[in-house]
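Engineer: Sharing a structure below in structure tokens format, with a few things to ask.
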Amino acid sequence: MEAVILLIIIPLPFFILAIVLSKGKGASLLAGYNTMPDSEKAKYDEAAMCKFMGKMMYGISFSLLLFGLSELLDTQALFILGLILFIGLIIFALVYANTGNRFKKNG
């Protein structure tokens, strides 16, 4: 039972982080961006980057919640669905964020 409680509590910080990022705040929490010099940070649309990562964090927190529910309900299908969602979101986020200069400011 302790494992189930733990697996349901783990998604909470991810969900809270998703809320913060979805509001366009918390760019200092994004790896890579927080270590850039200010001159380099000025080239990026901080709010768009935060909102995108916030959406990804909602998906990740949901997939982690599916892991906990699969243990609680003793259903392996929920775990597999959560794992597919988790891996799919990570791959999508990596490809989307690193191609096409999507977060660079125009001009």
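Nothing in this text is a laboratory measurement; each read-out follows from the coordinates by a stated rule. Everything quoted here is computed from the prediction, not taken from an experiment. No Cβ is skipped: glycine too gets one built from the backbone with ideal geometry, and neighbour counts run over all protein chains shown.
Engineer: Filter region 1-42 down to the residues that are charged (D, E, K, R) and either surrounded by 13 or more Cβ atoms within 10 Å (Cβ to Cβ) or touching a Lys or Arg at 6+ places or on another chain (Cβ under 6 Å) (or both) and list them by number.
Structural biologist: Passing the criteria: 25, 41.
Engineer: Sticking with this structure for a sec: Do the conditions hold for residue 78, that is, is it touching a Leu at 6+ places or on another chain (Cβ under 6 Å) and crowded, with 17+ Cβ neighbours inside 10 Å?
Structural biologist: In short, yes.
Engineer: Applying the selection to region 13-65, what residues are among the hydroxyl-bearing types (Ser, Thr, Tyr) and in contact (Cβ under 8 Å) with a residue 40 or more places away in the chain?
Structural biologist: Across region 13-65, the qualifying residues are 44, 58, 61.
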